[in-house]
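Comments concern the structure below.
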Amino acid sequence: MSPHPYPGVTPTDLDVDVSSDVAALYSDGITARKGAFSPEWADRLREDIEAAFREALARPGGAVGRGPHRYYVEMHPEQLRGFVDLVDHPWVRSVCTAALGPDYRIVELGFDVPLEGAVNQPWHRDFPMPEETRAERRLTSLAFNVTAVDTEEDMGPFEIAPGTQWDDSPEFGHGMFPPRSHYSRYEERAVRKFPRRGDISARTALTIHRGTRNDSAKSRPVLVLGVDGPEAANGDRHDTAATRAYWEALPERVRRHLDCAVVDVLEPVTQKHTIEGLVMGEA
């Protein structure tokens with residue numbers, strides 16, 4: 001095991017050895033599993049994302065802006081045919097258990113869509129640093145990303161500054177946005193990611209990152225799966241739900257980790273997690 005597993009977790013608690021992945025989360029802030037699914041599985045993912053995106057754009061509050069021509073939409077698990085495949089994947093289960101403990105909770109399912117004309121986002125993290133991370137250098141949540149397309153250089157790839165998950169300064173706007181005077185640090189470290197269909201990445205959303213300018217005529221949809229450890233409260237910003245019939249059909253070990261309301265009828269999600277500093281793009 002890595003030097004940073006969740007206390008009490010041993011290799012026998014995991015489906016696969018993810019010691020190098022947990023070490024990467026603590027050093028770089030990001031790790032990945034290439035080829036976790038087939039390209040055909042990712043193509044079905046794209047179909048489901050595109051259907052949910054059309055529905056969300058057609059109603060108020062369904063899609064929130066994360067910059068010009070860039071949107072975020074939250075969805076319910078049963079809108080995604082591959083949901084169980086994803087959350088019950090041995091690598092996903094093992095990374096969650098090793099990094100966040102056996103009581104991790106799946107609290108968010110959504111997707112980002114940078115369209116043609118999307119611009120560079122300002123460098124940012126997705127929420128302020130939790131006190132556990134500041135005081136103990138311990139991660140309390142993870143974000144898994146699954147691309148629905150083969151990412152090309154002109155499609156506005158995700159850019160991340162490895163090792164910056166520990167950056168902490170009173171100059172950060174809202175605890176999330178470093179000032180422009182810090183940008184050289186992130187530009188020097190910046191790595192652009194070019195995942196292919198079927199790849200999964202896991203990261204701490206505290207690592208400073210941004211979406212880049214989409215110079216192509218293509219969209220770049222990416223699924224987001226948010227997972228909390230016992231101390232985190234990111235689920236307060238999300239309204240994930242499942243119908244009773246869907247819930248009862250889920251494997252028990254998926255239900256154990258899925259933190260959502262169980263309802264008779266699904267209501268469309270009105271997204272709560274707006275990030276005001278991203279609306280205008282990079283100044």
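The values are calculated or read from the model by the stated rules, or taken from the named source; none is laboratory data. Model, not experiment: these values are computed from the prediction. Here the Cβ positions follow ideal geometry from the backbone for every residue, glycine too, while neighbour counts run over all protein chains shown.
Selection of first residues in the stretch 35-55 that are within 18 Å of HIS76 (Cβ to Cβ) and of second residues that are in a helix (DSSP H, G or I) and modelled with pLDDT of 95 or more, restricted to Cβ pairs under 8 Å at least 6 apart or on distinct chains, gives the following pairs, ordered by first then second residue: ASP48/GLN79; ALA51/GLN79; ALA52/GLN79. Against the condition without any contact (Cβ under 8 Å) to a residue 40 or more places away in the chain and within 21 Å of ASN120 (Cβ to Cβ), how does GLU159 come out, does it pass? Spelling it out, it is not the case that GLU159 is without any contact (Cβ under 8 Å) to a residue 40 or more places away in the chain and within 21 Å of ASN120 (Cβ to Cβ).
The residues of the stretch 149-160 that are out of contact with any Asp or Glu (no Cβ under 8 Å at 6 or more places or on another chain) and outside any strand (DSSP E or B), listed by number, are VAL149, ASP150, THR151, GLU152, GLU153, PRO157.
Return yes when SER181 is surrounded by fewer than 21 Cβ atoms within 10 Å (Cβ to Cβ), part of a loop (DSSP other than H, G, I, E, B), hydroxyl-bearing (Ser, Thr, Tyr) and more than 17 Å from the chain's Cα centre (by Cα) and no when it is not. Answer is no for this residue. May I ask you to list the residues in the stretch 156-204 that are touching a helix residue (DSSP H, G or I) at 6+ places or on another chain (Cβ under 9 Å) and closer than 22 Å to HIS69 by Cβ? Matches in the stretch 156-204: GLU159, ILE160, MET176, PHE177. Here PRO102 meets the list (1) more than 22 Å from ILE160 (Cα to Cα); (2) out of contact with any Phe, Trp or Tyr (no Cβ under 9 Å at 6 or more places or on another chain); (3) assigned to a loop (DSSP other than H, G, I, E, B) almost entirely, failing just condition (2).
Cβ-Cβ distance below 9 Å, separation of 6 or more or different chains: which pairs start in the stretch 60-78 with a residue that is more than 29 Å from ASP264 (Cα to Cα) and modelled with pLDDT under 95 and end on one that is assigned to a loop (DSSP other than H, G, I, E, B) and charged (D, E, K, R)? Short answer, once both residue conditions are applied: GLY67/GLU282; HIS69/GLU116.
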